[in-house]
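The block underneath contains the structure these notes are about, expressed in structure tokens.
The values are calculated or read from the model by the stated rules, or taken from the named source; none is laboratory data. This is a predicted model, so every value here is computed, not measured. All Cβ positions, even for glycine, are placed from backbone atoms using ideal geometry, and neighbour counts span all protein chains on display.
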Amino acid sequence: MESFSGQQVALITGCSQGGMGHALALSFADKGFLVVATTRSLRSMADLEDDRRFFLQVLDVGSEESVNKVVSNVVEKYGRIDVVLNNAGVQCIGPLAEIPLSALQRTFDTNVYGSMRLIHAVVPHMVLRRKGKIVNVGSVTALAPGPWAGVYTASKAALHSLSDSLRVELKPFGIDVITVVPGAVRSNIGNSALASYNQMPEWKLYKDFADVIRERATRSQGPNSISSEEFAKKTVAAILKKNPPAWFTLGQYSTVFAILYHLPLFVRDFLMRKAMKC
């Protein structure tokens, strides 16, 4: 094990440059953490390569073997993992009645099962130390699911639900579980969502809605969305509180979706149909 001066360690998934995970990694480093920044390709984090505050690792959340290997490497090297942040995620845009089941499975495998793979790998180490923080990144859209992003929204709703159960189950071991719920945050998610959408088949039943469905892929990247840097700075400050909030939300639409959550369904449906042109 490397000589280590008690510096705290944060392990973050999905740290490609231009994304929220990258901004979160920099914010944790600015707070004095040793950050284990992970993605499926080291090239996507090339700008962090020479920064001694970072330990860069290739991690595919879709592979249990990959997850276990990285967690073992970190524990062996540093002896601890204080914060795990499940940020890696994929968008999935399209009408539910036509979207390929393979796309649905891929989305859940990354957004839900990927998070659980890492939680399963890291919890035993946190239990031994009787402390730790697990942070799961959800989405405000899960509060009021609308059209065209139903698969993504359902995966984030599942993660919210799992987090609620985990928070109570892990409390006896001194482990905090925090659900971070972004609104519209400027990042590379719009580009990746569009690239993913371009792989979808041509819609048959929803041909007349093709333009508005495509527009949904980049809806979170409007002029009023907050920067990844601002989001990361405020999110890390909340996570590092002695008694962190169980739920932390920030960004454009976060208030709107909280209101939508409490509205009668017929009102919500009317507003969604108007906003999403369906």
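Assorted remarks:
- Applying the condition of being under 25 Å from the mean Cα position of the chain (by Cα), in a loop (DSSP other than H, G, I, E, B) and at pLDDT below 95 to region 243-278 and asking which residue is nearest to Val135 (Cα to Cα) yields Gly251.
- All of (1) assigned to a helix (DSSP H, G or I); (2) buried (at least 17 other Cβ atoms within 10 Å of the Cβ); (3) within 15 Å of the chain's Cα centre (by Cα) hold for Ile178 with one exception: (1).
- Among the residues of region 242-251, none qualifies, meaning not one is surrounded by 16 or more Cβ atoms within 10 Å (Cβ to Cβ), over 27 Å from Asp164 (Cα atoms), among the small types (Gly, Ala, Ser) and touching a Ser or Thr at 6+ places or on another chain (Cβ under 9 Å).
- Among the helices (runs of 4 or more DSSP H) confined to region 101-172, the ones with at least 2 residues that are crowded, with 22+ Cβ neighbours inside 10 Å are located at 114-129, 150-170.
Table: residues versus (1) of a type in the set (A, V, I, L, M, F, W, C); (2) under 20 Å from Phe108 (Cα atoms).
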site: Ala37; (1), (2): yes, no
site: Ala46; (1), (2): yes, no
site: Phe55; (1), (2): yes, no
site: Asp60; (1), (2): no, yes
site: Ser63; (1), (2): no, yes
site: Ser66; (1), (2): no, yes
site: Asn73; (1), (2): no, no
site: Arg80; (1), (2): no, no
site: Val84; (1), (2): yes, yes
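Table: residues versus (1) over 13 Å from the mean Cα position of the chain (by Cα); (2) touching a residue at least 60 places away in the same chain (Cβ under 8 Å).
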| position | (1), (2) |
| --- | --- |
| Leu96 | yes, no |
| Val137 | no, yes |
| Ala144 | yes, yes |
| Ala149 | yes, yes |
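- Taken over region 220-242, the residue count meeting the criterion of being under 20 Å from Ser27 (Cβ atoms) and without any contact (Cβ under 8 Å) to a residue 12 or more places away in the chain is 4.
- Hey, Gln91 surrounded by fewer than 18 Cβ atoms within 10 Å (Cβ to Cβ) and under 17 Å from the mean Cα position of the chain (by Cα) or not: no
- Against the list (1) more than 19 Å from the chain's Cα centre (by Cα); (2) within 22 Å of Ile12 (Cβ to Cβ); (3) of a type in the set (Asp, Glu), the condition Glu215 fails is (2).
- Subset of region 197-224 that is surrounded by 14 or more Cβ atoms within 10 Å (Cβ to Cβ) and modelled with pLDDT under 90 - its residue that is farthest from Ala103 (Cα to Cα): Gln221
- Of all the criteria given as (1) modelled with pLDDT of 95 or more; (2) part of a strand (DSSP E or B), the one not satisfied by Glu229 is (2).
- Options Val84, Val75, Val35, Val67: the member that is surrounded by fewer than 23 Cβ atoms within 10 Å (Cβ to Cβ) and either aliphatic (A, V, I, L, M) or closer than 24 Å to Lys233 by Cβ (or both): Val75
- Across region 184-222, the number of residues qualifying as in a loop (DSSP other than H, G, I, E, B) and in contact with a Ser or Thr (Cβ under 6 Å, 6 or more places away or on another chain) comes to 1.
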